[in-house]
Amino acid sequence: MLLSSIYIFLLCFTNGLFFKVSCLTSEFRLEGDYLLGGLFALHEIDRVTPVFTPEITECFWHSTSKSGYKILQVMRYAVEEINNSTTLLPNVSLGYEIFDHCSNTRNFHSVLSFISKNGSIRPKEKLNNYQPKVIALTGPYGSSRTITVAPLITMDLIPMVNYGAASYTLSNKLQYPSFVRTIPSNKDLIEMIIHIIRWFEWNSVAFLGSQDDYSSDGLKLFNKYINNTGICLAYQEGLSLNANYSLTLKKIDKLNINVIVVFALTQYASKIIKAAIANNIQDKVWIASHSWAMNQQLPREPGIRKIGTVIGIAERLLSLPGFNEFVYNKAKGTAYAGHNDKAVSDVQSKNETCNQDCDYCSLMTAEDIINESPTHSFAVYSAIYTIAHALHKVLQCDTNECHKNITVKPYMLLEEIKLLNFSLNGRQVKYDDNYDPTIRYAVVLWCTDVNPPQFKVVGMYREVTFHFNFNTFSCSLKVPFSNCSVECKAGYSRQPEGFHSCCFTCKKCPCNSYVDFSRDPYTCFPCAESEWSDEGSTTCKTRSVVYPQFTEIPSIIVMISTACLIILLFAVFCLFAYNYDTPVVKSAGGNMCFLMLTSLILSSISVFFFFGKPTSVFCLLRNAIFTFFFTVCISCLTVRSFQIVCVFKMAAQFPKVHSLWVKHNGQWLFIAFSSFIHLISCVIWMTINPVKLIADSWTFKDQIMLICEMGNTLTLTIVVFISWFLGFLCLLFSYMGRDLPKNYNEAKSITFSLILYYLTWIAYFTAYLTIKSKYIVILNAVAQISSINGILFSYFIPKSYIIIFQPQKNTSTYFQTSIQNYTQTISRS
């Protein structure tokens, strides 16, 4: 209801100003079977002034736009070409009505004329019954102008085939259902600009636009699409026609920004470039948006070469065969000449205008028109042909005629436009679901160092294919440095500095970390536990897992030695068993010898758990087996030393104690008790914070050592203390019996074996605490073998030697003689 009221108000307001005026200029109007509308900016408003009374903008009072007049001629040429065709619309003629549309908000009278029917508008009339003056229209130029008038046109589903409105907002078919365009949207243009910036590896850019929908839409899309690209927008501003352009450019120059995206309409871009020349802004890269990329006047400005390089993005240019001849013919025609003769007087004589006046057009030569910017020429040309092809479908035309009896409604054309796919001058014209065309861009380089200036195509973009080549052309391209910070070297991460993400310092990544620019250039990521890296790395290397392997030479030597030791122990066991009743075996301990030898054999087996890839079970077995059974062996030696001293020295002094010791098998009770206490301590050691496998990744940067922790320090100390305390008692008793008969004197052998035991394990624990290497494990195994060998070779081998090689000493007579000699010696003393 509100929209209808606005329409009626606007119609009443413009009725006196528009419909009473007769506009008969032939360039603006052509009769035909079907009428097309055209909105072209033949004039541009340079300076916005506030208006305090309702009035229509009279465009001819403002500055001229030659490019607007050229594309008007392109529309006229396209209509004439279609009318002359015998295949596209045979026996059907197209007409047109064209208006000068120079204002965003005060040129509604032309649009109202298009949607009117016999001079009136009926907003509530159904589409099936409604027949506006035009069946479709093209224009106006510019997003703001289009967005302003589009609701009036699209409400009735009149096809608005636009040649110069790129705002992505217009792709919203819910708001603008009948809007069609023949140029790509801002979305595609912004993606192209970002592609160029990334291709040159710039990351600090400025974005200048105008205060209109075209620029604001572009800025919004630019900010959206530069996310995660490494590009930062170091400066942005939307400029009005009255803005201080010099101040803006000085700010950009002070910030050392060398790449400036000028995403604005021609009149704004012209002011920016002229201000850059006037303020001696030098050696910049100016990226021109589609609207002014092919401007013909700016490359000829004096001093243009100093400002740097201009790279423009324009629609891929196609020539219009026959257009030049059309312009020359119109220039020579009588109607055209007659208009030239009276143009100025016509403007002065009119007291009212309908914006179908072009006072300067009569002053333009054919060369002026032909040499003007071709930016939108093909867009206008394809817009008219789009309407014609849709009408061809609606009228069910064949090669001979069209069915003119069909009533054509605007919405019928709209249905056919989406389905169109036709070739026009070698280019395929088709539209997607949003009525946007296929993307075809050309990157042009302004060659201002030649006269006249030239536009060289240096890049192509079609849908998803992009190609650059800046080395083929004679004009030079100066590529400045436009980065807030110098890119970090490999292995250095960015450290943000200031507000913008492209401003940063560089920091070398520490050991065991790396930086991956494709993932996040601001973070040094830690390597996994199984990996390592040096300072300043971009990748991590796999650590080698080290442990004593079965195939290594030290491992083989130790295992062969252990196997030989076990065989020797087993041989001694058999020898002692065979000679069980002999004095040597009985003096060595009798049955106790077999317990000692069995303990030594079992202790030796633990050595094999030190090699190969360790496991938690191996970690438990390698030390627990040896510690327990070797302690059992030491407890036997301790008892044996005590018994000898007891028999020879204490039996006479303490007969009752000796009697109880013998009667209750004190030696076996002591062995059982000490072994049980040690077993309990071992169980506690293995259960409270037990020995476990750990991967040592901190000792060596490139290795992971699989080692076994020693477990709880306190419980380990108790286990070691019990074993060492028994050894100390054994040494003490051995020392007390140092003067006993030779056959019973074990002081030297036991002292040697236990001192070797102590020294070996002191050396091992010292190395364990000071040296980190996989061979420490082998040293542990060597300490066990050494301890076992000490007892074997100092205690059992001498006795085995007597049994085998000195049988005369293995007799009761020999032992009795030794005892008698000892008794005589004692009695003398």
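Things worth noting here:
- Residue within the stretch 370-377 that is at pLDDT 90 or above and surrounded by fewer than 19 Cβ atoms within 10 Å (Cβ to Cβ) present: no
- Listing of strands (runs of 3 or more DSSP E) fully contained in the stretch 176-285 that carry 1 or more residues being under 30 Å from Leu414 (Cα atoms) and aromatic (Phe, Trp, Tyr): 179-181
- Out of Ser675, Ser697, Ser723, Ser681, one residue alone is of a type in the set (Gly, Ala, Ser) and modelled with pLDDT under 85. It is Ser697.
- The listed residue being assigned by the TED database to the domain that holds Gly790 and open to solvent by less than 40 Å² (accessible area, probe 1.4 Å), out of Phe626, Phe642, Phe609: Phe626
- Filter result for Ile755 (open to solvent by 50 Å² or more (accessible area, probe 1.4 Å), assigned to a helix (DSSP H, G or I), within 23 Å of Lys799 (Cα to Cα) and at pLDDT 85 or above): yes
- Looking only at residues in the stretch 384-413 that are more than 15 Å from Leu35 (Cβ to Cβ) and touching a strand residue (DSSP E or B) at 6+ places or on another chain (Cβ under 7 Å), the one that is most open to solvent (accessible area, probe 1.4 Å) is His389.
- Scanning the stretch 198-213 for residues that are modelled with pLDDT under 90 and either in the same structural domain as Pro159 (by the TED database) or within 21 Å of Asn227 (Cα to Cα) (or both) yields Arg198, Trp199, Phe200, Glu201, Trp202, Asn203, Ser204.
- Candidates in the stretch 478-491 are the residues that are under 21 Å from the mean Cα position of the chain (by Cα) and open to solvent by less than 60 Å² (accessible area, probe 1.4 Å); of these, the one that is nearest to Trp698 (Cα to Cα) is Gly491.
- Scanning the stretch 417-458 for residues that are closer than 19 Å to Ala136 by Cα, open to solvent by 50 Å² or more (accessible area, probe 1.4 Å) and outside any loop (DSSP other than H, G, I, E, B) yields Asn421, Lys430.
- Given (1) outside any loop (DSSP other than H, G, I, E, B); (2) surrounded by fewer than 22 Cβ atoms within 10 Å (Cβ to Cβ); (3) assigned by the TED database to the domain that holds Met412, number of the condition Leu157 does not satisfy: (1)
- Residues in the stretch 291-330 that are under 46 Å from the mean Cα position of the chain (by Cα) and among the β-branched types (Val, Ile, Thr) were compared, and the one that is nearest to Ile193 (Cα to Cα) is Ile313.
- Of the criteria (1) over 26 Å from Asn789 (Cα atoms); (2) open to solvent by less than 80 Å² (accessible area, probe 1.4 Å); (3) at pLDDT 80 or above, which one Gly711 fails: (3)
One line per residue, one yes/no per condition, for (1) modelled with pLDDT of 85 or more; (2) polar (S, T, N, Q); (3) open to solvent by 80 Å² or more (accessible area, probe 1.4 Å); (4) not in a strand (DSSP E or B):
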site: His290; (1), (2), (3), (4): yes, no, no, yes
site: Met294; (1), (2), (3), (4): yes, no, no, yes
site: Val310; (1), (2), (3), (4): yes, no, no, no
site: Leu318; (1), (2), (3), (4): no, no, no, yes
site: Ala335; (1), (2), (3), (4): no, no, no, yes
site: Asn340; (1), (2), (3), (4): no, yes, no, yes
site: Ala343; (1), (2), (3), (4): no, no, no, yes
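- Hits in the stretch 102-154 - residues which are open to solvent by 40 Å² or more (accessible area, probe 1.4 Å), modelled with pLDDT of 85 or more and in contact with a helix residue (DSSP H, G or I) (Cβ under 6 Å, 6 or more places away or on another chain): Lys133
The values are calculated or read from the model by the stated rules, or taken from the named source; none is laboratory data. Given the structure is predicted, the values throughout are model-derived calculations rather than measurements. When we count neighbours, we look across all protein chains shown, and the Cβ atoms used for this are built from the backbone with ideal geometry, even at glycine. SASA here: full protein model, heavy atoms, side chains in, ligands and nucleic acids out. Shrake-Rupley method; radii C 1.70, N 1.55, O 1.52, S 1.80 Å.
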